[in-house]
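Shown next, in structure tokens, is the structure this report addresses.
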Amino acid sequence: MNSPQVTLPKNSDDLSKLLATAGFTIQQQNYLRDFINCYSDHTKTSKQISQSSRPFLADDKNLGEFNLLFKEMYYPIVANRSFGSKIWDVDGNEYVDVMMGLGINLFGHNPSFIKEALIAQLDQGIQIGPQSELVGEVAELVSQLTGMERVCFSNTGTESVMSAIRIARAVTGRNKIVIFSGSYHGHFDGTLIKVNQAENNHSAIPLAPGVIPNFVNDVLVLDYGNPKSLEIIKTHQQELAAVLVVPVQTARPALQPKEFLHQLRELTQATEIALIFDEMVTGFRIHSGGAQAYFGVQADIATYGKIVGGGMPIGVIAGKSKYMNAIDGGMWNYGDDSYPQTQKTFFAGTFCKHPLAMTAAKAVLKYLQTEGSSLHQKLNERTTQFVTALNDYFAIEGLPLKMANFGSLFGSASVELSEGNSAASVAMGLLKYHLLDKGVHLLGVSGYLSTAHTDEDIHYIIQAVKDSVEQLRSGGFLPPRDSV
């Protein structure tokens, strides 16, 4: 394929008109135009690949909302290798990675203990159809680390959440569920919803075209951490099969409502509503036992993924036998008159329990057992120190930014900036691109630290933030220091 022209002409009339219409100063217009050209040149092969693939590849690649101002930079960095805390792109640029596989890589990229296990399994083959010989052992390891009684495996987080809801409905005989605003539970139609503000009754409406209203009629969307939500759950207790919770949301890491979770556990237990913890991000990250161990709350069902797969696609549904027996009918033995006695729901998937996923999961779980609590404690402390250093800098500079962390997950704790193309909101959008340009690979202003990140890496990120702020000041997108 012919490589497309990827640089934005310096005298681009279209961009100039757009910037002028949006009310940007000449200083801001010139700066933005120059930066876009510089960034596009620095990552030109990633941009070429994105353009060349677009006629055939339908792919949003987690880029966020499209902004016409940043059109010429709206493409993912294309990587060709990774190791430890670093990735290298197709232009040869090196990045300290804090996207970390969207939370997968707790141990950094390509850790030797997972790589060696996968190579050994590849030598034995990929047997799909027969049972993997590791399945029982991996299930027992999940049970030991999380305290859950029984475990089954799917391929993705979306599948796990979808199955957990089905199990809860099957066991309780009820239909309605509760989710909380700000949470993300994958792309299953039954959770792709938002609150219906017009009705003011906590009912849900589809989040996106193609999600039909019938899928969301049995969902209430409540305010997370708000005691009033508990009263609403009480009102609907006879209808509710489950309350689905992301214990700490990636978009709001500062919201860690321990007391609310304990009250929610007491309420759901008293009313026989299944409490489901979606631990895709928090599971095995904050603690080997996940957010449940950290907050001291035992859910009825929990879903896991990301870290436990060691880089391979995996989903885990784990929970109390009362609920998990709906997968296979419950416990029974050979040689006696026992048999499955629990009514089953439907659960299947060709690639569930994939030998490579089971191999990677065993390596991860055994490693966590061996390392013990010190692994999480040290990583969590280092992330807190990193976030504190950033917040100290933002405070000294008078910047409207504040970060928060939940263990090794970090993100913005700032009051949301106004939408649109104000200088402040554009500055926040540009900050991400400046950090990418300086070799910090991230998604928005959130990210993850891993055990592979060094003090040098952390210092590099902090300096990249400082340098980016100074550049944004020089472009007129942030007030000068003297005016702070």
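The values are calculated or read from the model by the stated rules, or taken from the named source; none is laboratory data. Please read these numbers as outputs of a predicted model, since none were measured by experiment. Because the Cβ atoms are built from the backbone with ideal geometry, glycine has one as well, and the counts that use them run over all protein chains shown.
Hey, among the residues in segment 432-461 that are under 22 Å from Asn67 (Cα atoms) and among the hydrophobic types (A, V, I, L, M, F, W, C), which one's modelled with the lowest pLDDT? Lay out the reasoning, then the answer.
So in segment 432-461, the residues under 22 Å from Asn67 (Cα atoms) come out as 432-438, 440-447.
Filter again for among the hydrophobic types (A, V, I, L, M, F, W, C), leaving 435-436, 440, 442-443, 445.
Details: Leu435: 96, Leu436: 96, Val440: 97, Leu442: 93, Leu443: 83, Val445: 76.
So the residue we want is Val445.
If you check Phe83, Phe70, which single one turns out to be at pLDDT 85 or above and under 22 Å from Met312 (Cβ atoms)? Walk me through it before giving the result.
Numbers: Phe70 fails: under 22 Å from Met312 (Cβ atoms).
None of the others qualify; the one that does is Phe83.
Flag not set for Thr383, criterion: exposed (fewer than 14 other Cβ atoms within 10 Å of the Cβ) and in contact (Cβ under 8 Å) with a residue 24 or more places away in the chain.
Residue-by-condition table, conditions (1) assigned by TED's automatic domain parsing to the domain that holds Asp455; (2) more than 30 Å from Leu68 (Cβ to Cβ); (3) surrounded by 12 or more Cβ atoms within 10 Å (Cβ to Cβ):
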| site | (1), (2), (3) |
| --- | --- |
| Met331 | no, yes, yes |
| Ser338 | no, yes, no |
| Gln341 | no, yes, no |
| Lys362 | no, yes, yes |
| Leu365 | no, yes, yes |
| Tyr393 | yes, yes, yes |
| Leu401 | yes, no, yes |
| Gly411 | yes, no, yes |
| Ser425 | yes, no, yes |
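Every condition in (1) in contact with a His (Cβ under 8 Å, 6 or more places away or on another chain); (2) under 25 Å from Tyr74 (Cβ atoms) is met by Ala452 except one, and the failing one is (2).
How many of the residues in segment 27-66 are hydroxyl-bearing (Ser, Thr, Tyr), closer than 24 Å to Glu94 by Cβ and surrounded by 15 or more Cβ atoms within 10 Å (Cβ to Cβ)? So the count comes out to 6. Taking segment 201-310 and the helices (runs of 4 or more DSSP H) fully enclosed by it, the elements with 2 or more residues that are within 20 Å of Asn380 (Cβ to Cβ) and touching a residue at least 40 places away in the same chain (Cβ under 8 Å) are at 290-295. Restricting Gly64, Gly101 to those that are in contact (Cβ under 8 Å) with a residue 24 or more places away in the chain and in contact with a Lys or Arg (Cβ under 8 Å, 6 or more places away or on another chain) reduces the list to Gly101. Among the conditions (1) over 18 Å from Ala357 (Cα atoms); (2) touching a residue at least 40 places away in the same chain (Cβ under 8 Å), the only one that Asn196 does not satisfy is (2). Restricting segment 198-234 to residues that are among the small types (Gly, Ala, Ser) and under 28 Å from Arg265 (Cβ atoms) leaves a set whose member that is surrounded by the most Cβ atoms within 10 Å (Cβ to Cβ) is Ala204. Here Glu259 meets the list (1) at pLDDT below 95; (2) exposed (fewer than 14 other Cβ atoms within 10 Å of the Cβ) almost entirely, failing just condition (1).
Kindly establish whether Ala348 is in a helix (DSSP H, G or I), in the same structural domain as His287 (by TED's automatic domain parsing) and either out of contact with any helix residue (DSSP H, G or I) (no Cβ under 8 Å at 6 or more places or on another chain) or over 25 Å from Glu456 (Cβ atoms) (or both). Lay out the reasoning, then the answer.
Details: in a helix (DSSP H, G or I): no; in the same structural domain as His287 (by TED's automatic domain parsing): yes; either out of contact with any helix residue (DSSP H, G or I) (no Cβ under 8 Å at 6 or more places or on another chain) or over 25 Å from Glu456 (Cβ atoms) (or both): yes.
Taking the combined requirement at face value, the residue does not satisfy it.
Contact map, segment 153-174: first residue over 16 Å from Asp300 (Cα atoms) and assigned by TED's automatic domain parsing to the domain that holds Leu356, second residue at pLDDT 95 or above and among the hydroxyl-bearing types (Ser, Thr, Tyr), Cβ cut-off under 8 Å, separation 6 or more or different chains; pairs are Ser154/Ser160; Ser154/Ser163; Gly157/Thr303. Among the residues of segment 67-85, those identified as without any contact (Cβ under 8 Å) to a residue 40 or more places away in the chain and either in contact with a strand residue (DSSP E or B) (Cβ under 8 Å, 6 or more places away or on another chain) or in a loop (DSSP other than H, G, I, E, B) (or both) are Tyr74, Tyr75, Pro76, Val78, Ala79, Asn80, Arg81, Ser82, Phe83. Residues in segment 119-144 that are within 23 Å of Ala293 (Cβ to Cβ) and either crowded, with 20+ Cβ neighbours inside 10 Å or outside the structural domain of Ile327 (by TED's automatic domain parsing) (or both): Val138, Ala139, Leu141, Val142.
This table checks each residue for (1) touching a Lys or Arg at 6+ places or on another chain (Cβ under 9 Å); (2) of a type in the set (S, T, N, Q); (3) under 22 Å from Thr282 (Cα atoms); (4) surrounded by 16 or more Cβ atoms within 10 Å (Cβ to Cβ).
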position	(1), (2), (3), (4)
Asp437	no, no, no, yes
Gly444	yes, no, yes, yes
Gly447	no, no, yes, yes
Ser450	no, yes, yes, yes
Asp455	yes, no, no, no
Gln463	yes, yes, no, no
Leu472	no, no, no, yes
Leu478	no, no, no, yes
Arg481	yes, no, no, no
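On the basis of being assigned to a helix (DSSP H, G or I) and crowded, with 20+ Cβ neighbours inside 10 Å, does Ala164 make the cut? Quick ask: steps written out before the conclusion?
Working: assigned to a helix (DSSP H, G or I): yes; crowded, with 20+ Cβ neighbours inside 10 Å: yes.
In short, yes.
Residue under question is Ala464, and the condition is that it be within 20 Å of Cys38 (Cβ to Cβ) and either touching a strand residue (DSSP E or B) at 6+ places or on another chain (Cβ under 7 Å) or modelled with pLDDT of 95 or more (or both); does it hold? So Ala464 passes the test.
Just so you know, in segment 311-329 the residues that are small (Gly, Ala, Ser) and part of a loop (DSSP other than H, G, I, E, B) include one that is surrounded by the fewest Cβ atoms within 10 Å (Cβ to Cβ), and it is Gly329.
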